[in-house]
Each structure stands twice: as structure tokens, then as C-alpha cells.
């Protein structure tokens, strides 16, 4: 086990710069998820940690020693690839034993470690099969087995679940998390799936265009997105964003939008006339058929079982609310959306950075 | 949909017809080799099965027995080869020469082209594509165009009439195709496999030898067959570059003389010549399977 430190890491492919000075401290034993849309540089960063990509500038160190010019084989890391990358000409047992065979580990020790890993991953009945005789989930497990047998300092996962079907993905997600809880090996996990990130991570690193947008625990980034990108990227259905200005009435500051004035928590550090983006998550929108709130016309109603997603148009804007109540709504009917003001997020219209509340700003 | 029986029958009939057409020359060749000289060319009729089979042609060419002893002094061309027991139709050394050269050049070609193909497939270097085109351009020239400089070069290097010389020259011709072929097989092996091996602690050489090469076994086998067959059948370069060493195609042409052609010996040695390459192909055939990387990655 080891910590991983990335300082000012830059990656260029010719003139194209894909990582712009990444700084990240990963503590010993942490499960950290790099999350972002495709092309954000998260896989490149992972491959740089693995040593499969050169570091153009900056430094990557594992367990305190600089790794920039160290060959992957000497980094004591293990990696699980998106497409498994199993050695197709070797049995499951040989796949898992490969790394130890290279290190000339004692045969009895190899057998013991492979047996141990197979037991953890429920691969015991398949040890003598070839990869082509396994299902996708089993192959993924072999790839993981190959990683854990060596007891590496760091586990690297590159979208390991994206090739599995939905049900298996949920199951493997739990298995990986459980594995981490048992082994407590520092883990860096790349995904574009926010559910994976939210459910597995100790720390989520949200990336965009080669920059880190926010680092925090899953609930931190969900509850307090640092900027508009994070706010919109995390959460499904996505956060409602309204564009308007700050106004003032007899009670205090308001958010004015399309001639409609909504109250605001008074501790936001804003001034009247400021252009802002008003964000509210669908589950914090109270839906009713009459009473106070933004008037909107129902477009689509999606029942998911525990909750119902209601998409409705307010003018040319689409809004969404999530309700746990059984509302009798049909397309074209009128609804009222009332934001719960305790859960309002404000972003500066120009910088797109979250506007803080006075007490949270200290 | 079930194919109607008549259509199935038609398909088999067509397949058999085509097979017969392709097999007939080989069959006739084999048949000729066991005919007595008088029945090979018969001015009255074409002898198909109505002859007394003889192994004399094989005994002369493959076992090296003296023709004059067997035929009572006369051959078809009337020449009395082998004064003092020397038999110029003896194919034993020539078969040996051909095997040495074909296997030698196949091994040499594979060894060089595997390395080159791996570099071209896996390593990014300036001029990678250019280099590939340059390799291919070597096949644009017909061998006859380089024969004169080659003869001089080989003469000065002392490579004329040596096994090494012919092994080198056959490899020279085979290398471009082998490199291109192996590169395309290597390109099909996902790069993640090399990377996984390296992360597992393998050096580049180890990942090449233990992971990549086993996965392109089929491609290596196919390339080996091509190289072997080329070398086995190559005529022109061998003709110019050798005199003592004789490969089969060159040797067989010497049976066509100004006084007549020894069709019996030609067909016997020719039929025998099929055997080693047949065995070679049988040996590598079990590697000629597709889908060796199946299961490695999610397809």
C-alpha cells in the first residue's frame, strides 16, 4: 500500500495538450474515483500513473518515490483494463500466476496466492478454463484476480465495468467495493458513470478538459458543487438551471426570472442586480397541481417505481422534478414547481463558479 | 430455411468437379512416375491404366540406383549417364539441399521479420509508415532485375554456391511479405495485452515472447508456409547462384536435355518433391487456426 502524489502533471501529444497541470494527493488506502465525460483526460492520467504514458511535465510519485521514469513493471501497481486484456492462450490459473511466474516466486507460494484470490472472487471452479470459455463477468473477475494476487501498492481500474450488462455491473460494483474494504489497497478508479463514482468512492475527482473541477467526497460534490459544470454533471436527472438576476423586495433578496420573483436564503453573498444562475435539483422541487410555484406544462411523466420524474415546460425552458408521491399527471396538464429554498444553489452567470453562503465562506 | 436436397447435391457435384479438375495434373504426374518409359509417350495411344507399374524412376532419382543397371544401359534419351557408376539423375543430395535451404530461409525470415513486424506494429518512430512502404517496394522489382549485381556480390563475398548464400537470397525475397503479413497479425493483438504484461512485471522481450508471440501462432504458421513454399519452388535465383548445390526445381530442369527429356525421372522426382512440403504444411497446420485471441478482450 502506498500514497500517490501527482504534482503539476502535464500531458501533451505533440501540440495538443490534454492535461493542464494536475495536482492530486491520494492517501494510503483511499478509494479515489476519477470521474468525467469522455475526453476529459481521466484515462490518460491513470495511464500516466501506470507508466503506460509518459509524463510531459510535472511529477508522479508512488509511496514517496518519483515514478516518472520508472518502467511499469517496477512500479508495483496492478491494473484492470476496460476490455479485460486477458492472456487468451493461458488458463485462468496461468493468467493469475503470470506476474508471480515472472518474479520467479516459489511454486507453492504461487498456488497459495492464486487459490486465495480465486476464493475471494469465486473463481475456484474456473481455474483450469480458458478465458474464451468464460462469461463477461467471469473474465472481469479474472482480470481482477490477476491484479490482487500480487498484493500491489496501488490498484488502477480503467472503466472496468463499462462492458458488463446493467445487473452484473451493480453486482461487480459491490464486489469491488467489498474487495477494497478487505484489502485496503490504495485504489484509483476511472469511470464516466456517476453512479459508480458516487457509490464506490471515498473521494471523487471530477475532471473536464484536462483540468480538475472539484475534489471531494461523493456527498460533498453532490451537495456543494463548486461550479456549474459539477452541478450539472452530477445527479440524474440533472439539476434545473434558471438564468436570472438578483432582486430585492420587502423581505430581502429574491431571484427574478421571467417576471417571476422567488425568495432566496438571505445568507448568499450576492447583490441586487447581479446576474446569476439558479440551480435546484429535481428532488428539491415540490410538485403540485395548484398553489404557489412556477407554472409549467407537463411534457413527459416517467414513473421509475419509487419515484416519478416529471418533465415540464416553462416557456421555452424544460424543468424537471422528482416526486415520491403518486401524482395524477398527464401530458399537457398544468403543474406548479416550487423550489425548496434550503437547497438552492447559485452560480455567477459569468464565471459559473458557485456563490457561497456567508457562514460556509467563514 | 432448409436447403433443398437437389441444391445440396448440385453443390457437392460442382465441388467434386472442380476438385477433379485441380487434382488431375497431380494425379497424372504421379501416374507418369510409375509408368515404364515406353508407356509415357506412346505414339499410338494415350496409356492411362493399361501399363505395368514400375518403381524404376523412383529407384533412380530417390534411391540413387544406377539407371544403366536398371534399364539395361539405355534411357529414354539414349544417353548413358553415369559412367563409372555415377548417376546424374540421383536426387538425394538435391532433396537434402532443398530442405536445408527452405527450412533455413524460413527460420531466418521468421526471426528477422517477427522483430521488424513487432517494432512496426508496437513502437512509434519517425518514418514508421515510410519504412513500411519502403519494405513493400522491394517486391516491385522482378528478381531477374537484381540477378547480375547479386551474382557479382555473392561471388565477391564467397557466398556463391553456399547454403548460406541461397538461404540469404530466399529470405531477402520473402522478408517484405513476411513483415507485412506478421505486422497485420500483430496489429490484431490488442495493445492492452502488452501493457497488462508489462504491468504484471514483464520486460518488453518477455511480453513479446510470452504473450504476443503465442497469440499470433496462427499468423507465424501461415507465414512459415508461404516462405517455405516459395523457397521450395524458387528457380531463377537458385539457378544463377549455385552450381554444386542444386535445389529441386533447378535439378529437375537438368533432366531436360538436348537429346531428350527424362519424363519418368522428372515426374518421379517432382512427385517426391511434393512430400517434404506436404509434411511441413501438415506440421504447421495445427497452428493455422483463427481466434487465438478469443477471450482476451471484450469484443
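Please report the relative contact order for chain B, taking Cα pairs under 8 Å with a sequence separation of at least 6, and give it as a percent rounded to a whole number.
This gives 27 percent for chain B.
Step by step: find N for the stretch A:4-232, compute 2.2 N^0.38 Å, then divide the Cα radius of gyration by it. What's the final number? Walk me through the numbers on the way to the answer.
Details: Rg = 17.7 Å, N = 229, 2.2 N^0.38 = 17.3 Å.
Here the answer is 1.02, to two decimals.
Just want the ordering: B:58, A:311, A:189, B:12, from fewest to most Cβ atoms lying within 10 Å of their own Cβ. Display every interim value, and only then the final one.
Numbers: B:58 20, A:311 17, A:189 27, B:12 10.
Listed from fewest to most nearby Cβ atoms, that is B:12, A:311, B:58, A:189.
Provide, in order from the shortest bin, the percent of all Cα-Cα pairs of the stretch B:140-183 in each 5 Å bin, continuing until the bin that contains the maximum pair distance.
Reading the bins upward from 0: 5, 20, 26, 24, 14, 8, 3.
Based on the Cα gyration tensor of the stretch A:237-348, what are the three equivalent ellipsoid semi-axes, each the root of five times an eigenvalue, rounded to whole Å and given largest first?
On the way: eigenvalues 135, 36, 29 Å².
With the √(5λ) rule applied to the stretch A:237-348, the semi-axes are 26, 13, 12 Å.
Restricted to Cα positions, what overall size does chain B have along the principal axes? Three whole-Å values, descending.
74, 68, 32
Across bins of 5 angstrom width beginning at 0, how are the C-alpha pair distances of the stretch B:157-234 distributed, in whole percent?
So the P(r) values, bin by bin, are 3, 14, 19, 17, 14, 12, 9, 7, 3, 1.
Using a 10 Å cut-off on Cβ atoms, rank the peptides A:32-40, A:154-162 from the highest mean neighbour count down.
Taking the mean over residues of other Cβ atoms within 10 Å, the ranking is A:154-162, A:32-40.
Determine one quarter of the surface area of the Cα convex hull of the stretch A:140-246, which equals its mean projected area, and express it in nm² to one decimal. Let's see the in-between values first.
Numbers: hull surface 33.0 nm².
Approximately 8.2 nm², given one-decimal rounding.
Can you tell me the orientation of helix B:263-285 relative to chain B, as the angle in degrees between its alpha-carbon axis and the longest Cα principal axis, to the nearest 10?
Relative to chain B, helix B:263-285 is tipped by roughly 20 degrees.
Any idea what diffusion coefficient the stretch A:1-134 gets from Stokes-Einstein, in µm²/s, Kirkwood Rh on alpha carbon pairs, 20 °C, 1.002 mPa s?
126 µm²/s
Give the Debye-formula value of log10 I(q)/I(0) at each listed q (0.10 Å⁻¹), with one equal scatterer per alpha carbon of the protein assembly as shown, two decimals each.
With no solvent term, the Cα-only Debye profile gives -1.04.
So how do A:270, B:46 line up by other beta-carbon neighbours within 10 Å, fewest first?
B:46, A:270
Which whole number gives the average, over all residues in A:90-100, of C-beta atoms from other chains lying within 10 Å of the residue C-beta?
2
When only C-alpha pairs under 8 Å and at least 6 residues apart count, what is the relative contact order of chain A, in percent?
The normalised contact order for chain A reaches 15 percent.
Sort B:184, A:65, B:171, B:258 so the one with the fewest other Cβ atoms within 10 Å of its own Cβ comes first.
The most exposed by this proxy come first: B:258, A:65, B:184, B:171.
How do A:238-244, A:104-110, B:228-234, A:298-304 rank on mean C-beta neighbours within 10 Å, highest first?
In descending order of packing, they fall as B:228-234, A:238-244, A:298-304, A:104-110.
Which whole number in µm²/s is D for the stretch B:95-180 by Stokes-Einstein, with the Kirkwood Rh taken over Cα pairs at 37 °C and 0.692 mPa s? Don't skip to the answer; put the middle values down first.
Numbers: Rh = 14.1 Å.
Diffusion coefficient, whole number: 233 µm²/s.
For helix B:147-157, report the angle its Cα long axis makes with the longest principal axis of the Cα atoms of chain B; keep it between 0 and 90° and round to the nearest 10°.
80 degrees
Report, to one decimal in Å, the Kirkwood hydrodynamic radius for the stretch B:185-299 based on all distinct Cα pairs.
Kirkwood hydrodynamic radius for the stretch B:185-299: 17.5 Å.
Calculate how many DSSP beta bridges within the stretch A:4-232 are antiparallel, expressed in % of all such bridges and rounded to the nearest 5.
55 percent
Just to be sure I understand: of the beta bridges DSSP finds with both ends in the protein assembly as shown, what percent are antiparallel, rounded to 5? Please list the in-between numbers first.
Numbers: 64 of 82 bridges.
Counting DSSP beta bridges with both partners in the protein assembly as shown, the antiparallel share is about 80 percent.
Using the alpha-carbon atoms, what tilt in degrees (0 to 90, nearest 10) does helix A:136-148 show relative to the longest principal axis of chain A?
70 degrees
Under the definition of Cα pairs under 8 Å and six or more residues apart, what whole-number percent is the relative contact order of the stretch A:71-185?
Rounded, it is 41 percent for the stretch A:71-185.
Bin width 10 Å, origin at 0, all Cα-Cα pairs of the stretch B:2-49: what percent of pairs per bin?
It works out to 23, 31, 22, 16, 8, 1, in whole percents.
Take the alpha-carbon positions of the stretch A:245-286, form their convex hull, and give its projected area averaged over all directions (one quarter of the hull surface) in nm².
Numbers: hull surface 13.6 nm².
Across all orientations, the stretch A:245-286 yields a mean hull projection of 3.4 nm².
Calculate log10 I(q)/I(0) of the stretch A:90-139 for q = 0.16 Å⁻¹, where I(q) comes from the Debye formula with a single equal point scatterer on each Cα and nothing for solvent.
Scattering profile of the stretch A:90-139, log10 relative to I(0): -0.42.
Mind giving me the nanometre distance, one decimal, between the label points for residue B:152 and residue B:257, set 7 Å out from Cα along Cα→Cβ?
The two pseudo-label positions are separated by 3.6 nm.
Averaged across the residues of A:51-64, what count of C-beta atoms belonging to other chains lies within 10 Å of each residue's C-beta?
1
Which value does Rg/Rh take for the stretch A:150-194 over its C-alpha atoms, Rh per Kirkwood?
0.97
In deg cm²/dmol, rounded to 500, what helix-only [θ] at 222 nm does the protein assembly as shown give when every DSSP H run of at least 4 residues adds -39500 (n - 2.57) and the total is split over its residues? Don't jump to the answer; show the numbers that get you there.
Working: 22 runs with 270 residues, N = 661.
Taken over the protein assembly as shown, the calculation gives -13000 deg cm²/dmol.
Values quoted throughout were computed directly from the atomic coordinates according to the rules given, and no laboratory measurement underlies them. Note that the coordinates shown come from a computational prediction; the quantities given were computed from them, not determined experimentally. Neighbour counts are summed over all protein chains in view; Cβ atoms, including those assigned to glycine, are modelled from backbone coordinates with ideal geometry.
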